[in-house]
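Remarks on the structure that follows.
The values are calculated or read from the model by the stated rules, or taken from the named source; none is laboratory data. Computed from a predicted structure; not experimentally measured. A quick note on method: Cβ atoms are made from the backbone with ideal geometry, for glycine too, and the neighbour counts reach across all protein chains shown.
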Amino acid sequence: MNVRSLPDLQPVVDRHEHVALLWDERLEGRALLAVGAKRSLQVDIGRVGCWEAWQAFLEHGRRRQAWSLGWLGYDLYPALGGMQGHVKASPPHPSHWPLLHWFEPEAVLVWEVGEAQPKAATTGSLALELESLLTNTSQGTSSIERTVPEPAQDGDWHPLTPLWTRAQYLEKFDKVHVALKRGDLYEMNLCMPWKGAMPGSESWRAFERLAQATRAPHSAFFQAGKHRMLSASPERFVSKKGQVIRSQPIKGTVRRGNSPEEDLTLQQGLLDSEKERAENVMIVDLVRNDLSQIAEPHSVEVEELFGIHSFATVHQMISTVRCKLRPSTSEHDMMEALFPMGSMTGAPKISAMKHIASLEDHGRGVYSGAVGYVNPEGDLDFNVVIRTLLHDAETHEVHATVGGAITLLSQGDQEYEECLLKAHALKTSLRP
């Protein structure tokens, strides 16, 4: 399979405070690099008015024919109009990351569908310099000097470790099952926190290892000062092109096989699993309902149901739901209808979020949110922030969260093992 080579961005990361790479190595996908910040917006705590400020930031950029990139953390939900008063905010996530950070880049490069090399999507000397750097790097002739970091001390590294024991996870799992049997829920995502450490200079190298191990189509490296997001997300939250929007929830995961025969057996087992299909269709129905709030009448449809998609370490069951957007629907309107994504909450959504807030001990912070872009035409593409390391380059702390959907058909020990499977690539990328 022809794929793009991941560019070596260490020189760029060393020289610029804002760097965002939205990466898909497949030639049938698009990738995007944004560097430098003409202006930015940051929200540390979700409060009334923060979503309106985000919308104003996007609209100002659109008037300037500018790109905007950033992340939206899960714990912004209490400030959304449709959520206010329904779900009580949880204590802050221990990473204390800003819940929202968006910037208007100085330079944008895009790998279009079918293209192995990027082209500048903005004018200016920085865009031309980056285009030359990435082209030369792919040919092994880069003339840009790299900043050599100080050798990392042993004490700067700490393996990624779960902050819940197996017994604690199973206790929380049992409480979810009680709520399921009581009829409060049909499905709920239960997510467990992890913590580690690595030197501040190692963010990009860790992302290289993560991207190589996972080859996930919605990967992202995002640097905003000391905050570094290393995401190997396989899941698209929502995309918009023209007036058509799509969401692609994932429910159903199994490891890759050790041989082609075992691999096919595992794929077929995932497709035939009553449990995984039940989880998937519940979220598909939830997404259809969410989209109907902003869709033209009768335009919501399921493009693909129970699709089996294969990645480097896992097979996953992915469905695709689309609709035609009503005229004059803003990005804020879209988020009021769709955020947070049902694949990371459960069904019914508000009931699931109430149980998440009561069981997970603290907020999710950025995890279960989205990272993406809005282009000058108003098209957008956001991933789901899963399979992600959040690195604070000053404190060296690394935070991650891993979880999965629970239904009445779920078994606690199996769900715990699935969490360990999803964390494997994160753990192995966090090393000297």
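Worth pointing out:
- Number of the exception - Ser292 against (1) surrounded by fewer than 16 Cβ atoms within 10 Å (Cβ to Cβ); (2) on the phi > 0 side of the Ramachandran plot: (2)
- Those residues of region 378-407 which are part of a loop (DSSP other than H, G, I, E, B) and either under 24 Å from Trp97 (Cα atoms) or out of contact with any strand residue (DSSP E or B) (no Cβ under 9 Å at 6 or more places or on another chain) (or both), in sequence order: Val384, Val385, Ile386, Arg387, Ala393, Glu394, Thr395, His396
- Where Gly363 falls short, out of the listed (1) part of a loop (DSSP other than H, G, I, E, B); (2) within 16 Å of the chain's Cα centre (by Cα); (3) farther than 13 Å from His227 by Cβ: (2)
- Here Ser351 fulfils each of the conditions (1) among the polar types (S, T, N, Q); (2) at positive phi; (3) assigned to a helix (DSSP H, G or I) apart from (2).
- From the options Thr395, Thr428, Thr388, residue that is of a type in the set (Ser, Thr, Tyr), at pLDDT 95 or above and within 17 Å of the chain's Cα centre (by Cα): Thr388
- Condition met for Gly36 (outside any loop (DSSP other than H, G, I, E, B), under 22 Å from Leu338 (Cα atoms), of a type outside the set (Val, Ile, Thr) and at pLDDT 95 or above): no
- Residue that is among the charged types (D, E, K, R) and in contact with a Leu (Cβ under 6 Å, 6 or more places away or on another chain), where the choices are Lys240, Lys251, Lys226: Lys240
- Checking Val321 against (1) part of a strand (DSSP E or B); (2) of a type in the set (A, V, I, L, M, F, W, C); (3) out of contact with any helix residue (DSSP H, G or I) (no Cβ under 8 Å at 6 or more places or on another chain), the condition it does not meet: (3)
- Among (1) farther than 24 Å from Ser299 by Cβ; (2) over 19 Å from the mean Cα position of the chain (by Cα); (3) of a type in the set (Ser, Thr, Tyr) - the single one Ser368 does not satisfy: (2)
- One residue alone among Trp97, Trp71 is buried (at least 20 other Cβ atoms within 10 Å of the Cβ), in a strand (DSSP E or B) and either hydroxyl-bearing (Ser, Thr, Tyr) or touching a Leu at 6+ places or on another chain (Cβ under 9 Å) (or both), and that residue is Trp71.
- Of all residues making up region 22-44, the number that are under 18 Å from Leu128 (Cβ atoms) and touching a Phe, Trp or Tyr at 6+ places or on another chain (Cβ under 7 Å): 2
- Flag for Gly372 being closer than 30 Å to His60 by Cα, not charged (D, E, K, R) and not in a helix (DSSP H, G or I): yes
- Region 398-408, residues that are among the polar types (S, T, N, Q) and either crowded, with 24+ Cβ neighbours inside 10 Å or under 16 Å from the mean Cα position of the chain (by Cα) (or both): Thr401
- Residue match in region 276-283 (condition: surrounded by fewer than 16 Cβ atoms within 10 Å (Cβ to Cβ), acidic (Asp, Glu), touching a residue at least 12 places away in the same chain (Cβ under 8 Å) and farther than 22 Å from Arg215 by Cβ): no
- With respect to the conditions (1) more than 20 Å from the chain's Cα centre (by Cα); (2) in a strand (DSSP E or B), His298 lacks only one, and its number is (2).
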